[in-house]
Amino acid sequence: MSIALGIDTGGTYTDAALVEYETGRVLAHAKALTTRHNLAVGIREAMERALSVPRTDDTPGAADVCLVSLSTTLATNAIVEDQGAPVAAILIGYGDLFSDVDLERHLGTRRYTLIAGGHHADGEEAAPLDLEAARAFIAAQAPHVAGLAVSGYFGTRNPSHEIAVKELAGAMAGLPVTCGHELTHRLDALRRATTVALNARLIPLLCDLIQAVEAAMAAHGIDAPLMVVKGDGSLMRAEMARERPIETILSGPAASVVGAQHLATGVGGGNGHLTGDAVVVDMGGTTTDIAVLSGGRPRLNPAGARVGRWRTMVEAIDVHTAGLGGDSRVWFDEERALRIGPRRVVPIALLADDHPEVRDVLREQAEVDPRDEALGQFLLLQREDWRHDGEHPPFERALMERLARGPLPLAGIREIVQHPRLYARYLDALERSGVVARAGLTPTDAAHVLGLYRGWDVEAARLAAELVVRRTGRDATARGASVPSVEALCREILARTSEGIAAEVVAKCVHDEVSRGAAQGGRDGGERAVGALDAHLIAQALRPASGGALGCTLTLAPSLVAIGAPVATYFPRVAALLHGRLRIPRYTEVANAVGAVVGSVVCRAHILVAPRQDEDGYRIHLPDGVADVEALPDALALAERRGRAAVSEAARRAGAQEITVTVERHDQSAPVAYGWGDEVYLQSLLTVTATGRPRLALRE
């Protein structure tokens, strides 16, 4: 029996699952809290728990593991938080084309240079490559950076200049070098440069994580290939991920979709029989990710993955992410309306479970003036490596020393920071950078109060809810309204959370319908958000206003597949609001970890064949250069042959076995003139795809 170990690092939990590789049957699973300051700690703990499950005759041990696969949030979080190693970028042939563009902002580094070279759209050289300028720049920057990014103008049509600079940099500096043509075949010089610079920044981070996972494997005696999940749900060897970490963005959501499809179809111990299309919703502690399965396969984003402010050219699943989860912050806006999210906080129940003194503080706070909105909230230290770009405030050392002793009540911060409002931006920066975390009332706490979840400290959760009731009760009394009970508040929190998820599902479906209509009918609006009328009708459907003139009902046609540890608490109501068919697969709490190991290795090459502009014959734009051929049939045959060889080799490097290759060809032509009936050949695009199962470690 071949055993695969899947690992997923989410925003709140790190999951591990042991899966029988031949059948996909889940044999054991475990969860551990994600350690954001060092993901490897949570990974090791989840791995240890999964491997220490009490053994039966068919329960595997570490020595039985033939494959390990990792789904990680590292790349996504690093991009969102603008983190990464220092890099330098060499742009070839860009000239003054982007003189009005803030290249430093797009590249994420001030260390860049523009040198002569580059190509035209047909792959012909636009100007000779200035290798001496590249040499001088590399020599000057190499001591200060951890990697280099190289992007040439029309480098996807002819990568020879990028390859020459990469070889030069490798010989001079020995640093990791990423080229634009290695990551995408599509045209868009600025976005390609952005993508390759981001990739270079991520290489040291992902290398450190992979090294830590490999160390944990070695400590458990696991001698097996390590794979990493890509943003499209496919797998690649850790060695390749070290070179192309940008392809792991949206790795977690991709693994969740693959795992949901696997479990919802009843494969390997799942309890479903999923047919047709489905909307997969992965609810975690931090976010809720929504994706669509079309014909059993996840839809990819044709425009490339978008993370935070960065628009990349990475092929990834088309996922809609909402800042709404079990650990979302419960708060009230200026009009005293209840809000959930988007910021994540540590649940009070979890904080008190780790720090019992928090419960005593909450009891004391119940005796003071309830108007203080800081009551029931805490700050706790996450890591100590705080690098502050501005001036260090005079209280910084005292604050850090106090936080090092344990959670600090937010109401007591005035003892250290005399004017907290003046330093609100500083404190917010501490929180956003992950140096400190805030703890407060969350939907998870409400579930504890109502007895729907009992994993942590129920009394602390109730005390935090009581503080909120006391505060909102004063406002209700002033308005002549009834004061809610603690249970009523908690039921309302869970209801609002479910309604928020339902609204996000509707927004995703509306966006997809608008985008599809725009693509088919030329209508503008594929990128537009849900409009005011749409938002009003959605609100009417999810929470009808009494006495309204309009009524509205929503019906979700595809099945709703919910995965994640807390979904049983929220999704029956979500499905009822959307009048949809709900499926919660077995092992839903570790679907992401299952998805990390049931995927395949997929490698693609896109090859363009087009007539030469000024000469007879045809030009083939290959992954490693160009080739010219006289006759079209010969050109197409050579393109397919070289494409098959390229993707087969890439799949082997990515860790595949039993490789199959498919070729799709799309020919384009145009009429010579209206009514003549003749057409002129324009070009052919070949998409060559290699697919295989991951190569396993051999066992006797």
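Computed from the coordinates by the stated procedures, all read-outs in this text should not be read as laboratory data. None of the values given here were measured: they were computed from a predicted structure. Note that we place each Cβ from the backbone using ideal geometry, even for glycine, and neighbour counts take in every protein chain shown.
Once you divide the Cα radius of gyration of region 600-694 by 2.2 N^0.38 Å, the number left is 1.27. For region 600-694, the residue among Ala690, Gly625, Gln668 whose Cα projects farthest onto the positive side of the dipole built from Cβ charges is Ala690.
Please arrange Ile203, Ile563 by counting, for each residue, the other beta carbons lying within 10 Å of its beta carbon, fewest first. Don't skip to the end; give the middle numbers.
Details: Ile203 25, Ile563 29.
Fewest-to-most Cβ neighbours within 10 Å comes out as Ile203, Ile563.
The trypsin sites (Lys or Arg not before Pro) found in region 1-104 that occupy coil by DSSP, while having at most 13 further C-beta atoms within 10 Å, are Arg55. Exposure proxy ranking for Thr113, Thr72, based on other Cβ atoms within 10 angstrom of each Cβ and starting from the fewest, stands as Thr113, Thr72.
Take each of the peptides 495-508, 353-366, average the number of other beta-carbon atoms within 10 Å over its residues, and list them starting from the highest. Show your work: numbers first, answer last.
Values: 495-508: 22.2, 353-366: 16.4.
So the order, starting with the most tightly packed, is 495-508, 353-366.
Amide hydrogen proximity for Ile249: with H placed 1.01 Å from N in the peptide plane, the residues at 5 or more positions away or on another chain lying under 5 Å are Gly231. With N as its number of residues, region 328-475 has a Cα radius of gyration that, divided by 2.2 N^0.38 Å, comes to 1.04. The string of couplings for region 444-461 from the Karplus curve (6.51, -1.76, 1.60, θ = phi - 60°) is 4, 5, 4, 5, 5, 4, 7, x, 7, 8, 10, x, 10, 7, 5, 4, 4, 4 Hz, one whole number per residue in order, with x for Gly and Pro. Compactness of region 1-158, taken as the C-alpha radius of gyration over 2.2 N^0.38 Å, stands at 1.57.
Quick one: Phe571, Phe137, Phe378, fewest Cβ neighbours within 10 Å first, how do they rank? Present the calculation step by step, with values, prior to reporting the outcome.
Values: Phe571 25, Phe137 21, Phe378 28.
Sorted ascending by nearby Cβ count, the order is Phe137, Phe571, Phe378.
3J(HN,Hα) couplings calculated from phi for region 616-630 with the Karplus curve 6.51 cos²θ - 1.76 cosθ + 1.60 (θ = phi - 60°) are, in sequence order, 6, x, 10, 9, 10, 9, 9, x, 10, x, 10, 9, 10, 9, 6 Hz; Gly and Pro show x.
Highest mean first, the peptides 215-221, 652-658 sorted by other C-beta atoms within 10 Å per residue fall in the order 652-658, 215-221.
Around the amide H of His29, modelled in the peptide plane, lie the amide H atoms of Leu18, all under 5 Å away and 5 or more residues distant in sequence or on another chain.
Would you mind giving the three semi-axes, in whole Å and largest first, of the ellipsoid equivalent to region 173-288 according to its Cα gyration tensor? Intermediate results must be reported in sequence, preceding the final value.
Details: eigenvalues 177, 96, 29 Å².
With the √(5λ) rule applied to region 173-288, the semi-axes are 30, 22, 12 Å.
Across region 320-337, rounded Karplus estimates of 3J(HN,Hα) from the backbone phi angles (6.51 cos²θ - 1.76 cosθ + 1.60, θ = phi - 60°) give 10, 10, 10, x, 9, x, x, 9, 5, 6, 8, 8, 10, 7, 5, 9, 6, 8 Hz, Gly and Pro being marked x.
For Lys166, a cut-off of 30 angstrom between C-alpha atoms picks up these lysines, skipping any fewer than 8 places away in its own chain: Lys230. Beta bridges from DSSP with both residues in the chain: antiparallel share about 70 percent, rounded to the nearest 5.
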